[in-house]
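The values are calculated or read from the model by the stated rules, or taken from the named source; none is laboratory data. Not measured: the values here are computed from a predicted model. All Cβ positions, glycine included, derive from the backbone under ideal geometry; neighbour counts span all protein chains shown.
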Amino acid sequence: MTIFEKIAAGQIPARIVHEVEDFIAFHDIQAQAPVHVLIVPRKCITRITEADVSHADMLGRMLLATREIAAKLGVLESGYRIVINNGRDAGESVPHLHIHLLAGRALAWPPG
Ligand code: 5GP
């Protein structure tokens with residue numbers, strides 16, 4: 001099991017902000033912004049390049065859930081960034097697909 005599957009199964013604690021049948025969202029343990037949430041499928045897809053059309057509906061709903069999570073955490077008006085790190089050069093460190101939601105400060109662009 002990946003660390004995120006263990007979180008989804010309740011085996012490792014996390015500060016959960018949103019959960020539905022097939023995905024979950026929780027605060028990142030090493031926040032890079034005042035709001036830093038990870039949105040994660042309960043079943044492991046290793047990374048976005050391993051996803052296929054059977055995942056399209058869930059991936060769409062994960063993206064749409066960012067609005068609800070941002071509203072819950074009070075950053076809907078100020079804005080937020082969503083990021084997927086795919087592969088080594090992108091800085092992927094956990095091989096279990098996840099969307100980062102970052103907010104609560106002005107974020108630089110381009111990213112480092
Ligand atoms: P990546 O670098 O793969 O895009 O992002 C992985 C993220 O997972 C990192 O931001 C890291 O801080 C977070 N992370 C790693 N292990 C844990 C954990 O056990 N709990 C939580 N909440 N976040 C974790």
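Filtering 76, 102, 64 for residues that are within 16 Å of the ligand (Cβ to nearest atom) and modelled with pLDDT of 95 or more leaves a single hit, 102. Pairs meeting the criteria (first residue in the range 82-96 and of a type in the set (Gly, Ala, Ser) and at pLDDT 95 or above, second residue more than 8 Å from the ligand (Cβ to nearest atom) and not in a loop (DSSP other than H, G, I, E, B), beta carbons under 8 Å, at least 6 apart or on different chains) are 87/49.
The strands (runs of 3 or more DSSP E) located wholly in the chain that include 3 or more residues which are in contact with a Ser or Thr (Cβ under 8 Å, 6 or more places away or on another chain) occupy 99-103. Exactly one residue out of 47, 88, 67 is of a type in the set (D, E, K, R), touching a Leu at 6+ places or on another chain (Cβ under 8 Å) and over 21 Å from residue 107 (Cβ atoms), and it is 47. Within the range 18-77, the residues that satisfy the criterion of being crowded, with 17+ Cβ neighbours inside 10 Å and more than 15 Å from residue 98 (Cα to Cα) are 33, 35, 70, 73, 75.
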